[in-house]
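Accompanying notes for the structure given below.
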Amino acid sequence: MYREKRNFARLALHATASIHKKGQVIDGEVKDLSMKGAFVTSSEQLEINDRVAVTIYHTLTPQPLCDLEAKVVRVTDKGMGLHFEKSLLD
């Protein structure tokens, strides 16, 4: 039986993301977002445990929704799971 490990619900979201790692910028699309993380699709993949800065933008405005430090915690053929170092409320 599967047991959910998340403390916060995920929200489906139409947003873009800029992921910054050591001078490299990777553009992606946010598929879902929670208080402590996000799942992002991109043409480029990072490695598990990579530390990145991620800026998330709503598709209707150029203003950033959030700008956070994160760690790559999951990589699949569909995208990357990012865990925020601080929650969206911090």
Once phi for every residue in the range 79-86 is put through the Karplus expression 6.51 cos²θ - 1.76 cosθ + 1.60 (θ = phi - 60°), the whole-Hz ³J(HN,Hα) values, with Gly and Pro written as x, are x, 10, x, 10, 10, 6, 5, 10
So, with points 7 Å from each Cα along the Cβ direction, the THR61-THR41 label distance in nm works out to 2.5 nm
Per the 1/(1 + (r/R0)^6) rule, R0 = 25 Å and r from the Cβ atoms of ASP27 and VAL73, FRET efficiency to 0.05 is 0.80
Amide H proximity to ASP50 below 5 Å, modelled H, separation 5+ or other chain, gives VAL72
Given all pairs of distinct Cα atoms, the range 12-84 yields a Kirkwood Rh in Å of 11.8 Å
Straight-line reach check, LYS78, cutoff 17 Å on alpha carbons, 8 or more apart in-chain or any other chain, hits among lysines -> LYS31
Charge tally for neighbours of ARG51 with beta carbon under 11 Å away, counting Lys, Arg as +1 and Asp, Glu as -1, is -1
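Where a number appears in this text, it was derived from the coordinates with a stated rule and is not lab data. Just so it is clear, the model here is predicted, and its values are computed rather than measured. All Cβ positions, even for glycine, are placed from backbone atoms using ideal geometry, and neighbour counts span all protein chains on display.
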